[in-house]
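All of the numbers you see were taken from the coordinates with simple rules; none came from a lab. The structure displayed is predicted, hence computed values, not measured ones. For neighbour counting, all protein chains shown are included, and Cβ atoms are generated from backbone atoms with ideal geometry for every residue, glycine included.
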C-alpha cells in the first residue's frame, strides 16, 4: 500500500494540541457509540445495528477538514465519526438508534446510522449503495452555480465504487470541476465480498485520473495522514480547482451489521491482525510519544466518553416513541410553497 | 392569447418560470441545443450556460444531481429525453427523490421537476413509446402529471416547478404538435391533482388522460352523432395525487364507467381507477367498470400496422362505449 505520510511533527498539519485531543475524543466517542448500539441490539432494544468500529480515523480525519454547518456532508451508514465531528451529539445518535420520535435524523423512519441533520447540512441517506455520491455532486454543482465557496464531501465504501452511480457522479464532477471530495472508506469487504472481487486495481484511487482529477490513497487508520489528504482536497475544492478522490484504506473490525456473522468469510487471525492497527490505539500511542497525552489523560477521556454515552442512552431510552399516526406524515410538504 | 402547440407551451412555461425565479435551471441531454423535441429551444440564449445545462448521457446522474442541487437552493427541471430512458434513473426517483422528505421526517424536501416525453403513436418502436405513469404513480412522495393539451401543459408545468415536492411531468409526445390551441400569454397555473371534465355527458363516463383524451373525445363525438349516446370525458391530468372526487361525481351521475388508457391493460393506472370506482361508487353502477387499454405486449411495435393494431383508438373506444351503454 502506498502511504502518504504527513506526520513529521504534530504541528505539521497546523492542528493545535486541543484539536488533536478533540480528534481523539471524537474517534473514541464514535467507537463507544457503535459499541453501545450493537450492545442495545443484543439486549433486544434496537432491532438493527450498522456501525463502523475500526474506521474512525478515516471518518474523523476527513470530516475534520470541513467547515461544519457551511460545507455539505453526505455520509454513508457507518459514518458515526463523521457526523460527530460535524456536530451531531451522542444523544442524537442514540435517539436515532432507538427510533425515538424526536430523533432529528428520521423520527424513527430510517434504520439506524442513516444520518440526517438539515441544520448541519448532513444529507439524509438511503441504504441503496452509492446513490448519495450523486447527491453530493448535486450540492456541489449548486454551490458552483450560486458562486458559494462551499465544499461537499461524500463518503462510501469500497463496494460502492462498483456502482454505476459512482461513475456517473465522478464523471459529472470532473466535467464541471466541482468542489466535491469523494472519500472511499476502503474497509476491504462489501459484506462478505472481498475487495479483490470488487475491483481489478490495487488502489481504486487511480480511477480518479479517468475522470480528470487527482486521486490519492492514504493509510485510513492513520488519522493525521487522512486529515492531511482531506485538508489538501478541501483547500483545492475551495480554491475552485475541482474534485479529489481519497481512498482511505482501513478495516471494519465488526461484522457488517448485527445480522451478519463475519466468521463465515474472514479468519479471526485476519481480524486480529487489523485490531493491532486499531486507529484509536495508534493515535493514542502517537500522542503519548509526542508528550501530548499521558495515561491518566487517556483514561480520563475514556471515562468521559463512557459517561456521555451512558447519559445519552438513558435519555434516549426514556424519550417517547414516535406517535404511531406520525407514520402518515411528511409524504409531501404540509405547507404550500417554499 | 396566442395559438400554441403543446411543445411551445412547455417551452413557454419553463422560460417564464426561469425569468420569474433565478433559482430555476434546466438540465438534461441535448437541452442546450433545444432538445430533441425543441422543448428547450432558446433557453440557452435567454438564460446562459449556467441555467440551461447539457449533462453527460447519464440519466441517474441527471436526476441525482438535480436532487442534490435542490437541497442547496436550486430548483432544477431535469429532462429525460424519452420516458423510455427513465429506467436507469428509477432508483434516484423512487428511492431518493420520493422518499427523502418522508425518511428525514420532513427535514429535507426535494423540489425537482422531471420532464419526460412519453407515449406511443409516432412509430417509435419499443424504446420511444412507453407509458411509465403506472410505475411511478404507485410511488408515495412523487406527484405524477400526464398532460395532453397546450393549456394544461403550461399551467401544470408551472405548478410542478413551484411545487415543493418532486413531480414527474409526463408530456404525451404524440400530442406535442397535434393542435394549436389558445394559450394565455400571461402567467397562470393549474393545480396539480385536479381532473377536468373536458366534455359533459349523461350516459357514460370516460375516464382518461394523455393521448387517449383526444381519442376519447373523438369517440364521444362519434357515438353522440351515430348512436345518440351522451358520453362525459374526464381528463385526469394528474394521476398522483388522483382527483377521486371528479371521477366519482361523474360516475354517480352516469352510472357507467369506461376507463381508457394507452398503457398495457394489466396493472396499468386505469386498473387503480377501476378499483376505486368499483369500491366507492358501487351503489351507483349500472354496468361493469370497463377498461380499454393496450394488450400486454411491449408498447409499441414499430411497423405502422402493428402499432395501430395494439393501441387504443377512437374506433375501439367507440365500440366499447356502445357495448357498455347497451349493458
With N residues in region A:169-210, what two-decimal value do you get for its Cα radius of gyration over 2.2 N^0.38 Å?
1.36
Efficiency of FRET from Cβ geometry, residue A:18 and residue A:289, R₀ 25 Å, rounded to 0.05
0.85
From the alpha carbon gyration tensor of region A:20-67, can you work out the equivalent ellipsoid semi-axes (sqrt of 5 times each eigenvalue) and give them in Å, largest to smallest?
25, 10, 8
Taking Cα centroids, how far is region B:175-219 from region B:82-129 in Å?
23
Structure-based [θ]222 nm, chain A - -39500 (n - 2.57) summed over DSSP H runs of at least 4, per residue, nearest 500
-13000 deg cm²/dmol
Average other protein chain Cβ within 10 Å of Cβ, residues B:90-102
5
Inverse mean reciprocal Cα-Cα distance (Kirkwood Rh) of region B:2-183, Å
16.0
Average beta carbon contacts from partner chains per residue of A:103-109, 10 Å cutoff
4
Once every DSSP H run of n ≥ 4 in chain B is given -39500 (n - 2.57) and the sum is divided by its residues, what mean residue ellipticity at 222 nm do you get, rounded to the nearest 500 deg cm²/dmol?
-10500 deg cm²/dmol
Cut-off 20 Å (backbone N to label point 7 Å along Cα→Cβ of residue B:57), residues of region B:25-44
B:27-40
Select from B:256, B:202, B:154 the residue whose mean-square fluctuation is largest in a Gaussian network model of chain B (Cα-Cα springs shorter than 10 Å).
B:202
Across the alpha-carbon set of region A:42-81, Rg over Rh with Rh taken as the Kirkwood radius works out to 1.09
Using a Förster distance of 60 Å, the FRET efficiency for residue B:50-residue A:191 (Cβ separation, nearest 0.05):
0.90
Cα Rg, Dmax (largest Cα-Cα span) when computed across chain B, Å
19.4, 59
If each of residue B:21 and residue A:148 carries a label point 7 Å out from its Cα toward its Cβ, how far apart are those two points in nm?
1.6
What average count of beta carbons from other chains do you get within 10 Å of the Cβ of residues in A:166-173?
5
For chain B, with a Gaussian network of springs between Cα atoms less than 10 Å apart, report the residue from B:27, B:248, B:168 with the top mean-square fluctuation.
B:248
Report, as a whole number in µm² per second, the diffusion coefficient that Stokes-Einstein gives for region B:196-325 at 20 °C and 1.002 mPa s using the Kirkwood radius over alpha carbon pairs.
148
Cα-derived Rg to Rh of region A:160-292, Kirkwood definition:
1.02
Against the globular-protein guess of 2.2 N^0.38 Å, express the Cα radius of gyration of region B:248-327 as a ratio, rounded to two decimals.
1.18
I need the fraction of alpha carbon pairs in chain A separated by more than 32 Å, rounded to a whole percent.
27
When averaged across all projection directions, what area in nm² does the alpha-carbon convex hull of region B:117-261 cover?
9.4
Set the Förster radius R0 to 22 Å, insert the Cβ-Cβ distance between residue B:305 and residue B:87 as r into 1/(1 + (r/R0)^6), and round the FRET efficiency to 0.05.
0.20
Mean Cβ neighbour count within 10 Å, used as a protection proxy, ranking B:48-57, A:320-329, A:213-222 highest first
A:213-222, B:48-57, A:320-329
For a paramagnetic label modelled at 7 Å from the Cα of residue B:187 toward its Cβ, which residues of region B:23-49 fall within the zone defined by backbone nitrogen distances under 15 Å?
B:23-24
Output the relative contact order of region B:196-325, whole-number percent, from Cα pairs under 8 angstrom with separation of 6+ residues.
29
At q = 0.05, 0.08, 0.10, 0.11 Å⁻¹, the log10 of I(q)/I(0) for the protein assembly as shown from a Debye sum over equal Cα scatterers comes to -0.28, -0.66, -0.92, -1.05
Grab the Cα-Cα distance for residue B:316 and residue B:122, subtract it from 0.36 nm times how many residues apart they are, and report the gain in nm with one decimal.
68.0 nm
Against the longest alpha carbon principal axis of chain B, how many degrees, from 0 to 90 and to the nearest 10, is the axis of helix B:269-280 turned?
50
At residue A:200 and residue A:276, where each label point lies 7 Å from the Cα along Cα→Cβ, what is the point-to-point distance in nanometres?
3.4
Looking only at Cα atoms, what is the convex hull volume of region A:27-179 per residue, in Å³?
102
